[in-house]
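The values are calculated or read from the model by the stated rules, or taken from the named source; none is laboratory data. Being a predicted model, the structure only gives us computed values, none of them experimental. Cβ placement follows ideal geometry from the backbone for every residue including glycine, while neighbour counts extend to all protein chains displayed.
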Amino acid sequence: MKQKNQFGDFDILARLSEKGWAFEGEYQNAHAKGTFICPSGHRMLASWCAVKHGFFCKACQDKMVGEKVSKYLAGTEWHIVGVRNGVITIQCNDGHDYVARYVANIRKKIERHPRCSGCDEKSYADNIRSVFEESGWSMLEDYKRYHRPILCECPNGHRQMKAPSGFLGGKGCQKCAGLCRRTRQEVEKEFSDLGWRLVGEYVNTSTPVECMCPMGHAVKKSIDCIRISPVGCVVCSGQTPVHPLKKRERRNERVKNWRKWSPLILERDGHKCVICGSSDGVNAHHLNSYHRSVDERYDVENGATLCFRHHGSPFNRFRGSFHVVFGFMNNTKEQFEEYRKMCLSGDVRIYDGILQQR
């Protein structure tokens, strides 16, 4: 079995015998894998290129690592279980395993934290159980983690999931304190006391649920809203529940119509306020309000150009502006004419850019 390189022919078996290795089977080429036998008698699959460049036997290396780790563990509560493909497994006297990839990790473990974390956790779990028992509680499950809930029972016999962190932090039994999740019968009783009837599946106090108002209208409303306003049915108040997709369609249509209507009002008035003649921040104002007069929403005769100081908005509430004086809904032409007279007569004046009323 010979191989040729730039220095000439050489015998591979002779090279292997010098290293203490042997070869089984039929040799093909330097890159084809074959069965090699290390000096310790371990068989492995490798190529001649890997062996001649210092390929080592993994079984021999695991054995060397095991001997080295055994020296570190001498005189401690740990003993080595085994080393396989470089993964080291050690075990304490109570049977808790610790797995590491490198010998340095084992050395740091022994030097810095010689105690077994599993044993420490077991003793900590016993301390937690004793604290529960001193308070009259009983743990029905084994301790898992500090913040992980476990099944326990309070002194009054109420079973619930409670984390040791919450218990040690002072949290008691929710059922004894009346803070537990209520049954459907209790929720239905509260609805009926307010004149409503629960229909859908109850989730919590803030989530809207299908229910029937005192007048028999099927709506979605949370118990918190009913507590604040027991007569707050949207159908009874003249409103119609709208699907969210329908709301988006209506909004897009309203914005589209507004963009057509507003420039017509501004162009008619010369982009100047009809009260003070200012062209600073002008916008179109509905004489009869948008909410009240549905038919006149986009009528050119139902609009007037106002500057942002005289107009006002929920975000720019200038003292003395129209919407601050007469509100933001259900406005009329009569109110606008009255406001214009107030401005012309001097009842509303501008000081330093802020409207003030006498």
With the requirement that a residue be modelled with pLDDT of 55 or more, out of contact with any Cys (no Cβ under 8 Å at 6 or more places or on another chain), part of a loop (DSSP other than H, G, I, E, B) and not hydroxyl-bearing (Ser, Thr, Tyr), what does the stretch 1-28 give you?
Met1, Gly25, Glu26, Gln28
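Checking the structure you have, find out if any residue of the stretch 209-219 is closer than 27 Å to His158 by Cα and outside the structural domain of Arg159 (by TED's automatic domain parsing).
Within the stretch 209-219, the first condition is being closer than 27 Å to His158 by Cα, and the residues that meet it are none.
Among the residues of the stretch 209-219, not one is closer than 27 Å to His158 by Cα and outside the structural domain of Arg159 (by TED's automatic domain parsing), which makes the answer no.
Among Ile275, Ile265, which is the only one that is in the same structural domain as Ala304 (by TED's automatic domain parsing) and at pLDDT 90 or above?
Ile265
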Quick check on the stretch 284-303: of everything there that is more than 14 Å from Phe336 (Cβ to Cβ) and surrounded by 16 or more Cβ atoms within 10 Å (Cβ to Cβ), which residue is modelled with the highest pLDDT?
Tyr298
Could you list, in sequence order, the residues of the stretch 186-202 that are farther than 30 Å from Met139 by Cα and not in a loop (DSSP other than H, G, I, E, B)?
Val187, Glu188, Lys189, Glu190, Phe191, Ser192, Asp193, Arg197, Leu198
Go through the stretch 220-262 and count every residue that is surrounded by 13 or more Cβ atoms within 10 Å (Cβ to Cβ), modelled with pLDDT of 80 or more and within 39 Å of the chain's Cα centre (by Cα).
8
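Those residues that are hydroxyl-bearing (Ser, Thr, Tyr) and in contact with a helix residue (DSSP H, G or I) (Cβ under 7 Å, 6 or more places away or on another chain), I need them from the stretch 66-82; list them, please.
Tyr72, Thr76
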Residue, nearest to Asn85 (Cα to Cα), within the stretch 23-50, restricted to residues that are under 54 Å from the mean Cα position of the chain (by Cα) and hydrophobic (A, V, I, L, M, F, W, C):
Met44
Within the stretch 65-75, is even one residue outside the structural domain of Gly170 (by TED's automatic domain parsing) and assigned to a loop (DSSP other than H, G, I, E, B)?
yes
Residues in the stretch 191-211: is at least one out of contact with any helix residue (DSSP H, G or I) (no Cβ under 9 Å at 6 or more places or on another chain), hydrophobic (A, V, I, L, M, F, W, C) and surrounded by 13 or more Cβ atoms within 10 Å (Cβ to Cβ)?
yes
Report yes if Thr305 is among the β-branched types (Val, Ile, Thr), touching a residue at least 24 places away in the same chain (Cβ under 8 Å) and touching an Asp or Glu at 6+ places or on another chain (Cβ under 6 Å), otherwise no.
yes
Within the bounds of the stretch 126-135, is there any residue that is assigned to a strand (DSSP E or B), at pLDDT below 90 and farther than 30 Å from His79 by Cα?
no
